Amino acid sequence: MNSRQRVKMALNHLEPDRIPFDLGGTVLTSIHVNAYRNLRRYLGLPDKDVEIMDVFQQIAVVDEDVRQKLGCDCRNVAPRSSATFKIVVDEDSMPGYRFFHDEWGIGWRMPKDGGFYYDMFHHPFANSTSIDDIKNFPWPDPVDPARFATLKESARHVAEDLGEPVILGGLAAGFVELAAWTRGFAHFYPDLVTNLDWMTYLMDTIIDLKLAYWEVALPLVGDYADVVQEADDLAGQFGLLINPETYRKIIKPRHKKIMDFIKARSDAKIFFHSCGAIREIIPDMIEIGIDIINPVQVSAVGMESSALKRDFGNDMTFWGGLVDTQGVFTTGTPDEVREEVRRRIDDLGANGGFVAAAVHNIQANVPPENIMAMWETLQEFGTYGHGGVGQRPADYVPAARHDKPVKVSTSPDALPAQMPTPEEAAAQAEEGDFYPDLFLDMQDAIIDGQKAEAVAAAEQALADGYDAQTIISDGIVPAMTIVGEKFETAEFFLPEMMAAALAARGILELIRPRLAATHAAPAGRAVIGTVKGDLHDIGKNLVAMMLEGAGFEVIDLGPDVPAEKFIAAINEHKPGLVGLSALLTTTAPMMRVIVNAFQAAGVRDEVKVLVGGAAVSQEFADEIGADGYAPDAGAAVRKAKELLAVAA
Ligand code: B1M
């Protein structure tokens, strides 16, 4: 049985000889160059110049010698960028960084000193207000013939000469991702609430480009195409990034349009990548024709492998999920990796429908011993037939399970949203414990993300003689408390939360000069940033905005912040609190470096250190000597108040 037959059987929910294995078959199932170099050395293979498969993520093309040794079943056939567009890296013009712009006009940069990835720093539509900006934008040519020059022959070669499945990459990323990347995340999510026409125009423009690409690519590859790839990150660690209703109204019909278009032109299975906790929308994905999900982020809420297989295994293939890159793969021992891999094989392997790959690309800091422990376990336990997956002997001892329970709340200590009932509101009004109508309007406008209305209400309050401090305490704080509670109980998602925070920020900008003039003391002062090497700033921004909404003065240092910058900010601003955020297992250790640097610089005792982000836990916070940990933005505000002894 060759690799193509093996993968095709698995995708048709049949059991081949063994579970197919993917390392390097897609830009989402490969390996960071650092980990790859270590792996080659560990395998006793000669050092060589490693070819980069995807410059942004700095992942390697897996060479033939490694492929042979490990029996990799999958191979990528399509380039992601136009062949005529060449990335030109500028080494000189930005101090400390090398950078380039891609064919979508997005700017990417990598720190020269110890950077792992290229991160976005420029979004071409960041300041755009009109649809003409979208119409007049120099979009990449999706049907540039150079893009397809070798595609047909590569597909034939892979399928016929090598006997491997043909996996056809799409035009860059998904339409949601490209909209977010060209617009910038800070605008993208609020746009879904307050600028929807503009945003859907952008999305539809990108979709037209994607369809034009598929229109040419699919007939060219014809029956060789076994798998076609689409993607869009729709979820984070704890749940969907957008409300499922918004997904169903705005995103799902557009995904369906793409899937229908592909299905009308090809029998290939559709592989869809979305990180995070997507369980809630897997039935929608099945409904619109998605056949395969990746990366199966087993450590995200609700993504327990056994339950996924039980509930969706007849209709969906799981491509990934073999071992958790956020946990045991990076920090565990080889024995712990073996235990986890065996368990995922048993959970996901029976009746086919499983292509074994780590959860997402193998990150830079995964030790080669763990990669080989993963691979050896797959060899030992990943066969089908007598004694294999689904037919274990009676004396087989299953691997230990440590699944988290399924929950929808983002925070373990989430409070239910505390909107008073009409009766309670009436009773409060009678007791005199109520806000004037103007402040209720202000609160409603903030909660609804209507910045203009919120600012207008604040202007009116100032005109009526209320002071800036009252606008914070009676307008912003109660509104943002409700917003935080709605976020924690999964009633609000990123778009609603960010739109509300922007409305609150609008008011703060209006009243800031008055606050300064009256020397009113903020609830506390906080310096916050995402640690060096880490670009993820959506969560950190939410924490910053919620702190502002709770009356804190926040100095936001942005993403990719080294220890020296935090120390300089402590010396300059004298905050009570420093907040550190990290989403990557490769950057969480930077928190320890930063806390140690505070110690060395003699400023550790001047501040409380609060940490958070998907790569961080309470245990980790304790281990590095932080003062507090918070799992989400609402909890971060509560913890900050507790640490600074601010009244709730
Ligand atoms: Co990236 N990414 N990403 N990514 N990304 C993750 C984190 C990942 C888990 C995905 C996965 O494996 N399936 C994975 C990390 C794996 C690991 O660590 N082993 C990953 C990776 C590998 C990467 C890249 C390497 C590329 C890649 O291979 N995909 C690359 C690295 C870039 C870099 O940092 N140098 C990368 C890039 C990107 C994008 C640019 C595309 C984008 C980030 C955009 C941006 O932030 N400007 C992105 C995204 C969106 C994600 C996922 C899908 C979602 C993250 C998010 O925004 N969540 C994520 C999947 C996941 O989380 N499981 C993933 C929503 C946000 C509200 O939640 O940030 O957790 P979160 O913040 C919460 C809490 O954590 C907490 O409160 C917030 C609000 O409730 N919190 C704090 C956060 N900071 C806090 C601070 C506090 C207190 C609480 O006190 C100070």
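The values are calculated or read from the model by the stated rules, or taken from the named source; none is laboratory data. Since we're looking at a predicted model, the values are computed, not measured. Neighbour counts run over all protein chains shown; Cβ positions are idealised from the backbone, glycine included.
Which residue is surrounded by the fewest Cβ atoms within 10 Å (Cβ to Cβ), if the candidates are limited to region 550-561 and must be closer than 15 Å to Ala501 by Cα and either in contact (Cβ under 8 Å) with a residue 60 or more places away in the chain or of a type in the set (Phe, Trp, Tyr) (or both)? Taking the candidates together, the pick is Gly551.
Can you tell me which residue is nearest to the ligand (Cβ to nearest atom) among those in region 123-138 that are modelled with pLDDT of 95 or more and surrounded by 13 or more Cβ atoms within 10 Å (Cβ to Cβ)? Selected residue: His123.
From the residues in region 68-78 that are in contact (Cβ under 8 Å) with a residue 12 or more places away in the chain and either within 16 Å of the ligand (Cβ to nearest atom) or surrounded by fewer than 19 Cβ atoms within 10 Å (Cβ to Cβ) (or both), which one is nearest to Glu160 (Cα to Cα)? Within region 68-78, the match that is nearest to Glu160 (Cα to Cα) is Asn76. Hey, does region 143-159 have a residue that's at negative phi, touching a Gly at 6+ places or on another chain (Cβ under 7 Å), buried (at least 21 other Cβ atoms within 10 Å of the Cβ) and not basic (Lys, Arg)? Checking region 143-159: not a single residue is at negative phi, touching a Gly at 6+ places or on another chain (Cβ under 7 Å), buried (at least 21 other Cβ atoms within 10 Å of the Cβ) and not basic (Lys, Arg). Please work out which residue is farthest from the ligand (Cβ to nearest atom), limiting yourself to region 290-323 and to residues that are small (Gly, Ala, Ser) and assigned to a helix (DSSP H, G or I). By that ranking, first place goes to Ser306.
Evaluation of Gly352 against the conditions (1) within 16 Å of the ligand (Cβ to nearest atom); (2) within 15 Å of Ala10 (Cβ to Cβ); (3) in contact with a helix residue (DSSP H, G or I) (Cβ under 6 Å, 6 or more places away or on another chain) shows that the sole unmet condition is (1). Quick test for you: out of Glu369, Glu287, Glu339, pick the one residue that is more than 16 Å from the ligand (Cβ to nearest atom), among the charged types (D, E, K, R) and under 20 Å from His13 (Cα atoms). None of the others qualify; the one that does is Glu287.
For every residue, the table says whether it meets (1) among the small types (Gly, Ala, Ser); (2) within 29 Å of Pro190 (Cα to Cα).
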residue	(1), (2)
Leu211	no, yes
Ala225	yes, no
Ala235	yes, yes
Ile242	no, yes
Thr246	no, yes
Arg279	no, yes
Ile288	no, yes
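Of the residues examined, Glu619 is one that is among the acidic types (Asp, Glu) and within 29 Å of Phe329 (Cβ to Cβ). All of Pro244, Pro190, Pro253 fail the test of being assigned by TED's automatic domain parsing to the domain that holds Val158, modelled with pLDDT under 95 and not small (Gly, Ala, Ser), apart from Pro244.
The criterion of at least 3 residues that are under 30 Å from Gly71 (Cβ atoms) and of a type outside the set (Val, Ile, Thr) is met, among helices (runs of 4 or more DSSP H) falling completely within region 156-271, by 196-221. Checked against (1) within 15 Å of the ligand (Cβ to nearest atom); (2) touching a residue at least 24 places away in the same chain (Cβ under 8 Å), Glu606 meets all criteria but (1). There is no residue in region 486-500 that is among the small types (Gly, Ala, Ser), modelled with pLDDT under 90, near the ligand (Cβ under 10 Å from one of its atoms) and not assigned by TED's automatic domain parsing to the domain that holds Glu245. Of the helices (runs of 4 or more DSSP H) lying entirely inside region 367-476, those carrying at least 2 residues that are modelled with pLDDT of 70 or more and surrounded by 12 or more Cβ atoms within 10 Å (Cβ to Cβ) are 368-381, 437-447, 451-463.
Taking region 200-232 as the range and being crowded, with 23+ Cβ neighbours inside 10 Å and farther than 25 Å from Tyr118 by Cβ as the test, the residues that pass are Ala217, Val221, Ala225, Asp226, Val227, Val228. Modelled with pLDDT of 95 or more, under 14 Å from Gly169 (Cα atoms) and touching an Asp or Glu at 6+ places or on another chain (Cβ under 7 Å): is that true of Asp226 in this structure? Against the criterion (modelled with pLDDT of 95 or more, under 14 Å from Gly169 (Cα atoms) and touching an Asp or Glu at 6+ places or on another chain (Cβ under 7 Å)), Asp226 does not qualify. Among the residues of region 257-272, is there at least one that is in contact with a Pro (Cβ under 8 Å, 6 or more places away or on another chain), among the charged types (D, E, K, R) and more than 16 Å from the ligand (Cβ to nearest atom)? Scanning region 257-272 turns up at least one residue that is in contact with a Pro (Cβ under 8 Å, 6 or more places away or on another chain), among the charged types (D, E, K, R) and more than 16 Å from the ligand (Cβ to nearest atom).
Conditions (1) more than 30 Å from Gly475 (Cβ to Cβ); (2) of a type in the set (Ser, Thr, Tyr); (3) within 13 Å of the ligand (Cβ to nearest atom); (4) modelled with pLDDT of 95 or more, marked per residue:
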| site | (1), (2), (3), (4) |
| --- | --- |
| Gly539 | no, no, yes, no |
| Leu542 | no, no, yes, no |
| Ala597 | yes, no, no, yes |
| Phe620 | yes, no, yes, no |
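Of the residues making up region 1-50, those that are among the aliphatic types (A, V, I, L, M) and assigned to a helix (DSSP H, G or I) are Val7, Met9, Ala10, Leu11, Val33, Ala35, Leu39. Leu192 meets each of the listed conditions (1) on the phi < 0 side of the Ramachandran plot; (2) touching a residue at least 12 places away in the same chain (Cβ under 8 Å); (3) more than 16 Å from the ligand (Cβ to nearest atom) apart from (3).
Condition check ((1) part of a strand (DSSP E or B); (2) more than 8 Å from the ligand (Cβ to nearest atom); (3) free of Cβ contacts under 8 Å to residues at least 24 places away in the same chain) across all residues:
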position	(1), (2), (3)
Val527	yes, yes, no
Gly533	no, no, no
Glu548	no, yes, no
Asn571	no, yes, no
Arg592	no, yes, no
